[in-house]
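A short worksheet on the structure shown next.
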Amino acid sequence: MTAGPDVSIAPLRIRTALVIWTVVGALAVAAAGAAAWLIQRIRHDAVVETERRVTRFASGAEAALNRMMIEADLLLADMGEVMVPGSASDVERAERMLRGELRRNLEYQDLVLLDADGRVVAAAREQTARLGLPLSPRFIRETLAQTTPMMSVSPPAVNVATSERAIYFARPVSIGPDRRVLAIAEVPVSIITTILAQSVQIPGLVVTLEHDDGQLLASVPASNAQLGHVLKTPLPAEGLDGQPLHTGGRLDGEPSILSVRPLLYGSLRIAAGIPTVVAIEDWRQDRNVIVMATALFVAMILAAGAATHWQIGRLGRARLELARAKDNMDRALASMADGFLLCDAEDRVIAWNARYLEMFPSLRGVMGVGVYFGDLVEATARALVPDDEQRRNAWREMRWRHHRSGNATFELALHDDSVIHVVERRTPDGGMVSVMRDITLAERELARAKTAAEASNRAKSQFLAAMSHEIRTPLNGVLGMNSLLLKTQLTDLQRSYARTIRTSGKALLALINDILDLSRVEAEKMELVNADFDFRRLVEDVAATVAPRAAEKGLRFGVNVRREVPAVLVGDAPRLRQVLFNLVGNAVKFTDRGSVAVDVACREGDDDRVELSIEVRDTGIGIAAEALPSLFERFRQADSGIARRFGGSGLGLAISRGLIDLMGGRIDVETELGKGSTFRVTVALPRGHATVVTADTGFDAPANTLEGGLDVLVAEDNEVNQSVISAMLAYMGHRCEIASDGLEAVAMVASRRFDLVLMDIQMPNLDGLAATRRIRAMRNGVEDIPIIALTANAMVEDREAYIEAGMSDHVSKPVDTRELSQAIRRAMTLERQT
């Protein structure tokens, strides 16, 4: 039964499509035909305009040349009177007159009288009288043999004196009853071309002056290679009336529009032409525009036809799509975890979902399309406040107030102690959308997530502490033994190997310290220890550390601390030194040539503070723009490819950013790939008022650091570390005994007198903290013995625990001889003072 309407509609759709595409095709053909006609019309107009141009130009050039040649002919005709035959003084007089005429007629190069043998009788220019004229004897004879004197024009020739091409106008004149000579005017070809061009700028114009046999006398543009030769392309005999011709160009033979006109002197003609390709150049551009516009118009017609066709099909599919859309909306509402209610502008229910009824089960018997929203409010109020009419009225007023506001966010408490978060927004047509979320469940999930995150953070900290201990313990043996090995007699090759091991071990230790620093910053457990410090000395220390590396690479390294920077500031000097060392070290590391410069300036701030500006500039590899957003992220480097040239963990900048943020400052970077970078640290620090005494950072303990040496108890369970620490103490001049665990250490302290205890933390039977507490609890005079922690744990909270347990100081593993010596000196000095 449903197939009947579809079959009846199909032919109608086909007929409609045929009508649409017939109209579209007719319009497209009409547009293409109109474009073709317009293109041909524009081309015809362009050709006609070019024909007019060349005709007008040829006529003007003809008039100019005729005028010049008539003037030359009249001048030559009068030249027979300049001298009397047989008079030597008359030659001088004639030459003076010729020079006078030459000065009055600037277009002439020379005026000459020539006899039948080609000898100069008189000339305006002296060199012509000496060198003669480059005229052929034939031309001289033929011109002198004229019965009726007429002016002849010679082919172009090169003047011997000036090396310039010229045309010679010649006319026979009589200087006596029986003697004829040639009066000649020399005109440079350049003058002829100037007359031909007429100072008119016409693109592509070619003008020629020719003999009737096609010999080229002059041309614009100049064609020296063809000058004096017969042109290859002959002129048609019927083309001498100035009418435009479509023929080959005079110089290149290319298709051209030409106008040819004879001069008054019949053996000469002038031709002006423009290549056809130049004549229709603008037409080509117009043609392309017309074709593109037509194509666009046809495309628009086709698009309109396609849109119309699609729209007809769309109307047929609209009802089916509407049904599908409604079904999809119903499924979407059913899958929502939030309650949903939609009302129209008259507060009548349009749609809802099952979750809404789960939150408000009292509405199951009331809900329906078209139900008034007030009925829902009433049913909900009776369910939530069944016994107290006053409270029920207050609840109704509250619910209606939020609903009528059109933009409300509030919470509803239900019977089961759950809380519903309600968001209501007005739709453009005046309806209302209400979304309800059970935030009680969300709060429970949030609490569970918070607990899990805290547990994860604790696990990470425990993992870092454990890994630090496990790595530092064997690393202490490696570096300690390596340090002792370097103090023995070694060959150069063995010492090189040992130094390589020490460098690699130090790099591993630096990486471990960076990871621990980063974890402290991220966990917000990094605490700054502010004290007076010598800022200039800090900068000098960093520069002194990095300068040798810069010198090895041949870099210019400079430090400039402005005068206004205070000598003493208050802050965490070690952390500031760490940041500055990272930035300067990176600058040297990523610069192969050029310079690295550190510039420190400041300006006054509030509350007796100064704002430091530390700039580290280099001429190194720079940083690509796309790498800048992740530059300060951990384990990220600008050059992170497999074949990267520079090593590193990518933690230095992340730690530096975290430390500067902790100090309330900022780090900025300006960089250009291949040209270098500038890192700028800005941080505000209080002025210091104390005199800072700088410790001797170059202290390296030799043997017998303390006179007579010390009796030291070493509590250490690791045999390798026992050997390392014993050797270090022996090198310092101290005596030591070994306890393998905490219990043995407590017993040995109780049984005999020691000057110092070096206590490991993690030991079997009794750890270092518990052993220290037992020693401090003794009352036999040994409770004040200095105890230094030897710890592979480097977390801040661990170090605080050591001090709280009663330890005097701590030294991190791997143990450095210098650090251990300084810790022993501090502990013994404190013990003697007390």
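The values are calculated or read from the model by the stated rules, or taken from the named source; none is laboratory data. Keep in mind that what you see is a predicted model, and the values were worked out from it rather than measured. As a convention, Cβ positions derive from the backbone with ideal geometry for all residues, glycine included, and neighbour counts pool all protein chains shown. Keep in mind that these areas ignore ligands, DNA and RNA; they rest on the heavy atoms of the full protein, side chains included. Shrake-Rupley method; radii C 1.70, N 1.55, O 1.52, S 1.80 Å.
Can you tell me which of R799, R818 is basic (K, R) and touching a residue at least 24 places away in the same chain (Cβ under 8 Å)?
Just one listed residue meets the conditions, R818.
Within segment 200-227, how many residues are under 29 Å from A46 (Cβ atoms), among the hydrophobic types (A, V, I, L, M, F, W, C) and not in a strand (DSSP E or B)?
Here the count works out to 4.
Go through segment 154-180 and give me each residue that's under 23 Å from M97 (Cα atoms) and open to solvent by less than 20 Å² (accessible area, probe 1.4 Å).
N159, A166, I167, Y168, F169, A170, P172, V173, I175
Looking at segment 146-166 only, could you name the residues that are assigned to a loop (DSSP other than H, G, I, E, B) and touching a Pro at 6+ places or on another chain (Cβ under 8 Å)?
Kept after step one, since they are assigned to a loop (DSSP other than H, G, I, E, B), are these residues of segment 146-166: 146-151, 154-156, 159-164.
Matches in segment 146-166: Q146, P149, N159, V160, E164.
Take V610 and tell me if it is more than 17 Å from L685 (Cβ to Cβ), surrounded by 18 or more Cβ atoms within 10 Å (Cβ to Cβ), at pLDDT 85 or above and β-branched (V, I, T).
No; evaluated as a whole, the condition is false for this residue.
Tell me which residues, restricted to segment 194-214, are crowded, with 17+ Cβ neighbours inside 10 Å and under 15 Å from R165 (Cα atoms).
L209
Can you tell me which residue among I660, I725, I667, I738 is modelled with pLDDT of 90 or more and touching a strand residue (DSSP E or B) at 6+ places or on another chain (Cβ under 6 Å)?
On the way: I660 fails: modelled with pLDDT of 90 or more; I725 fails: modelled with pLDDT of 90 or more; I667 fails: modelled with pLDDT of 90 or more.
Exactly one residue qualifies, and that residue is I738.
Quick one: would you say I184 is open to solvent by less than 10 Å² (accessible area, probe 1.4 Å), assigned to a strand (DSSP E or B) and out of contact with any Ser or Thr (no Cβ under 6 Å at 6 or more places or on another chain)? Quick ask: steps written out before the conclusion?
On the way: open to solvent by less than 10 Å² (accessible area, probe 1.4 Å): yes; assigned to a strand (DSSP E or B): yes; out of contact with any Ser or Thr (no Cβ under 6 Å at 6 or more places or on another chain): yes.
Yes: the conditions hold for I184.
Which is buried (at least 18 other Cβ atoms within 10 Å of the Cβ), in contact with a Leu (Cβ under 8 Å, 6 or more places away or on another chain), within 17 Å of V683 (Cβ to Cβ) and not aromatic (F, W, Y), of V588, V542?
Working: V588 fails: within 17 Å of V683 (Cβ to Cβ).
Checking each option against the conditions leaves just V542.
Anything in segment 268-286 that is of a type in the set (K, R) and under 40 Å from the mean Cα position of the chain (by Cα)? List them, or say none.
Taking segment 268-286 and keeping what is of a type in the set (K, R), we get 269, 284.
R284 - this is the single residue of segment 268-286 that is of a type in the set (K, R) and under 40 Å from the mean Cα position of the chain (by Cα).
Looking at this structure, is P566 over 34 Å from the mean Cα position of the chain (by Cα) and open to solvent by less than 40 Å² (accessible area, probe 1.4 Å)? Full working, then the answer.
On the way: over 34 Å from the mean Cα position of the chain (by Cα): yes; open to solvent by less than 40 Å² (accessible area, probe 1.4 Å): yes.
Here the answer is yes, as P566 does meet what is asked.
Each row is one residue, and each column tells you yes or no for (1) within 17 Å of G60 (Cα to Cα); (2) in contact with a Ser or Thr (Cβ under 9 Å, 6 or more places away or on another chain); (3) without any contact (Cβ under 8 Å) to a residue 40 or more places away in the chain; (4) not β-branched (V, I, T).
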position	(1), (2), (3), (4)
L196	yes, yes, no, yes
N224	no, no, no, yes
D241	yes, no, yes, yes
L245	no, yes, yes, yes
L251	no, yes, no, yes
S256	no, yes, no, yes
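Each row is one residue, and each column tells you yes or no for (1) of a type outside the set (F, W, Y); (2) assigned to a helix (DSSP H, G or I); (3) open to solvent by less than 80 Å² (accessible area, probe 1.4 Å); (4) under 22 Å from G273 (Cα atoms).
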{"residue": "H44", "(1), (2), (3), (4)": "yes, yes, no, yes"}
{"residue": "T50", "(1), (2), (3), (4)": "yes, yes, yes, yes"}
{"residue": "R56", "(1), (2), (3), (4)": "yes, yes, no, yes"}
{"residue": "G60", "(1), (2), (3), (4)": "yes, yes, yes, yes"}
{"residue": "D73", "(1), (2), (3), (4)": "yes, yes, yes, no"}
{"residue": "L76", "(1), (2), (3), (4)": "yes, yes, yes, no"}
{"residue": "M79", "(1), (2), (3), (4)": "yes, yes, yes, no"}
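What is the number of the single condition among (1) in contact (Cβ under 8 Å) with a residue 40 or more places away in the chain; (2) in contact with a strand residue (DSSP E or B) (Cβ under 7 Å, 6 or more places away or on another chain) that Y168 does not meet?
Here Y168 clears every test but (1).
Among the residues of segment 247-270, are any under 17 Å from P155 (Cβ atoms), open to solvent by less than 10 Å² (accessible area, probe 1.4 Å), among the hydrophobic types (A, V, I, L, M, F, W, C) and touching an Asp or Glu at 6+ places or on another chain (Cβ under 6 Å)?
Among the residues of segment 247-270, at least one is under 17 Å from P155 (Cβ atoms), open to solvent by less than 10 Å² (accessible area, probe 1.4 Å), among the hydrophobic types (A, V, I, L, M, F, W, C) and touching an Asp or Glu at 6+ places or on another chain (Cβ under 6 Å), which makes the answer yes.
What strands (runs of 3 or more DSSP E) lie completely within segment 710-806 and have 2 or more residues being open to solvent by 30 Å² or more (accessible area, probe 1.4 Å) and touching an Asp or Glu at 6+ places or on another chain (Cβ under 8 Å)? Show your work before the answer.
Numbers: elements: 711-715, 735-739, 756-760, 787-791.
Correct list: 735-739.
Given (1) open to solvent by 20 Å² or more (accessible area, probe 1.4 Å); (2) at negative phi, where does V579 come up short, assuming only one miss?
For V579, the exception is condition (1).
Please specify each residue of segment 369-412 satisfying the condition of being surrounded by fewer than 15 Cβ atoms within 10 Å (Cβ to Cβ) and polar (S, T, N, Q).
If the condition is that a residue be surrounded by fewer than 15 Cβ atoms within 10 Å (Cβ to Cβ) and polar (S, T, N, Q), then Q390, N393, S405, N407, T409 are the ones that fit.
Could you list, in sequence order, all residues of segment 347-364 that are without any contact (Cβ under 8 Å) to a residue 24 or more places away in the chain, within 57 Å of the chain's Cα centre (by Cα) and either buried (at least 20 other Cβ atoms within 10 Å of the Cβ) or not in a helix (DSSP H, G or I) (or both)?
A351, W352, N353
Would you call Q494 modelled with pLDDT under 70, open to solvent by 70 Å² or more (accessible area, probe 1.4 Å) and not small (G, A, S)?
Values: modelled with pLDDT under 70: no; open to solvent by 70 Å² or more (accessible area, probe 1.4 Å): yes; not small (G, A, S): yes.
No: the conditions fail for Q494.
Does segment 172-180 contain any residue that is more than 27 Å from L111 (Cα to Cα) and either modelled with pLDDT of 85 or more or within 59 Å of the chain's Cα centre (by Cα) (or both)? It would help to see each step written out before you state the result.
So the first thing to find is which residues in segment 172-180 are more than 27 Å from L111 (Cα to Cα), and the list is none.
Looking through segment 172-180, none of the residues is more than 27 Å from L111 (Cα to Cα) and either modelled with pLDDT of 85 or more or within 59 Å of the chain's Cα centre (by Cα) (or both).
Taking the conditions exactly as written (closer than 30 Å to D213 by Cα, at pLDDT 85 or above and not in a strand (DSSP E or B)), does L264 satisfy them or not? Steps first, please.
Details: closer than 30 Å to D213 by Cα: yes; at pLDDT 85 or above: yes; not in a strand (DSSP E or B): yes.
Judged against the criteria, L264 is a match.
Just checking, does segment 568-590 include any residue being of a type in the set (D, E) and free of Cβ contacts under 8 Å to residues at least 40 places away in the same chain?
Residues of segment 568-590 that are of a type in the set (D, E), as a first pass: 572.
Subsequent filtering for residues that are free of Cβ contacts under 8 Å to residues at least 40 places away in the same chain retains none.
No, that holds for no residue.
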